[in-house]
Amino acid sequence: MPADLLRLAARARSLPGRLARLSAALLGRPYAVGPLPGPEGPELLVARLDAFDCVTFVEAVLALGVSRSPAEFPARLRALRYRGGAIGWATRNHYTSTWLAENAAAGLLAPLLAERWVEGEPPRRLDVLAGHPALAWTPRFLPWSEHRALARIARAGDWVGFVSTRADLDAFHVGLLVPGTELSVRHASRSRGAVVQEPLETFMARNEVPGLLVARPVLPPGGPT
């Protein structure tokens, strides 16, 4: 299956084009509840493409997008999912803010419109995940009032995280942006049971979201051209 998807992606001449083709090909795939191992282990690199939760959907698309061959896909996926690429429950980027920070530091993503991000209050103690050390997080995100600026610069495959209102959580959902006549988001939806596409404004109207975490995938050295 990775080979079929990579052949489809190869028809595009840019990373956004590859990500658009890949994410479109996965529309309709079933939603998977808890597709990754729990803390009881053992931790294995799960690289399934038949069903997803919101995180594994975006990771699969982003990893495929920068892979030149099926053999390269697992390593690209591992780099996104785990701190330093070290497979383990403790090194998995469980929290969305950590996932973004680690991948931005590794040069795999670049935050978008960072100059327009604002700090939310108060600081949060992220401890919703049992067995994981609590993390301190000062909320900083793009407010929804900047959505027109985002729509003007968005490219297919730009990553988006939706900030939670909970004091013990940073973000409750993630997806990939798709520009067009209106800016849309492709995401694995638990409520709809599948990977879907919908207008970003519709998603925001249906959920209470203080703001967005947004970042652009970066083509790594040696990636497909």
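Just so you know, in the stretch 187-218 the residues that are outside any loop (DSSP other than H, G, I, E, B) and among the charged types (D, E, K, R) include one that is farthest from LEU142 (Cα to Cα), and it is GLU198. Within the stretch 191-203, residues that are over 26 Å from SER145 (Cβ atoms) have Cβ atoms under 8 Å from residues that are small (Gly, Ala, Ser) and surrounded by fewer than 16 Cβ atoms within 10 Å (Cβ to Cβ) in these pairs: ALA194/GLY28; VAL195/GLY28, counting only partners at least 6 apart in sequence or on another chain.
Among the residues of the stretch 135-144, is any in contact with a strand residue (DSSP E or B) (Cβ under 6 Å, 6 or more places away or on another chain), surrounded by 12 or more Cβ atoms within 10 Å (Cβ to Cβ) and farther than 17 Å from VAL214 by Cα? Yes, that holds for at least one residue. The residue that is modelled with the highest pLDDT, among those in the stretch 8-40 that are loosely packed, with under 11 Cβ neighbours inside 10 Å and basic (Lys, Arg), is ARG11. Take the residues of the stretch 104-125 that are crowded, with 19+ Cβ neighbours inside 10 Å and out of contact with any helix residue (DSSP H, G or I) (no Cβ under 6 Å at 6 or more places or on another chain): which is farthest from TYR82 (Cα to Cα)? Across the stretch 104-125, the extreme among qualifying residues is TRP117.
Considering every residue within the stretch 49-70, establish whether at least one is in a loop (DSSP other than H, G, I, E, B), without any contact (Cβ under 8 Å) to a residue 24 or more places away in the chain, surrounded by fewer than 19 Cβ atoms within 10 Å (Cβ to Cβ) and not acidic (Asp, Glu). Yes. For the stretch 120-177, filtered to residues that are touching a His at 6+ places or on another chain (Cβ under 9 Å) and part of a loop (DSSP other than H, G, I, E, B), the residue that is modelled with the highest pLDDT is SER164. The single condition from (1) in contact (Cβ under 8 Å) with a residue 12 or more places away in the chain; (2) closer than 16 Å to THR202 by Cα; (3) not in a loop (DSSP other than H, G, I, E, B) that GLU182 fails is (3).
Taken over the stretch 82-108, residues that are small (Gly, Ala, Ser), farther than 19 Å from ASP53 by Cα and not in a loop (DSSP other than H, G, I, E, B) amount to 5. Scanning the stretch 128-179 for residues that are basic (Lys, Arg) and either in contact (Cβ under 8 Å) with a residue 24 or more places away in the chain or within 13 Å of SER97 (Cβ to Cβ) (or both) yields ARG140, ARG155, ARG166.
The values are calculated or read from the model by the stated rules, or taken from the named source; none is laboratory data. For clarity, every value in this text was computed on a predicted model and none was experimentally measured. Note that we place each Cβ from the backbone using ideal geometry, even for glycine, and neighbour counts take in every protein chain shown.
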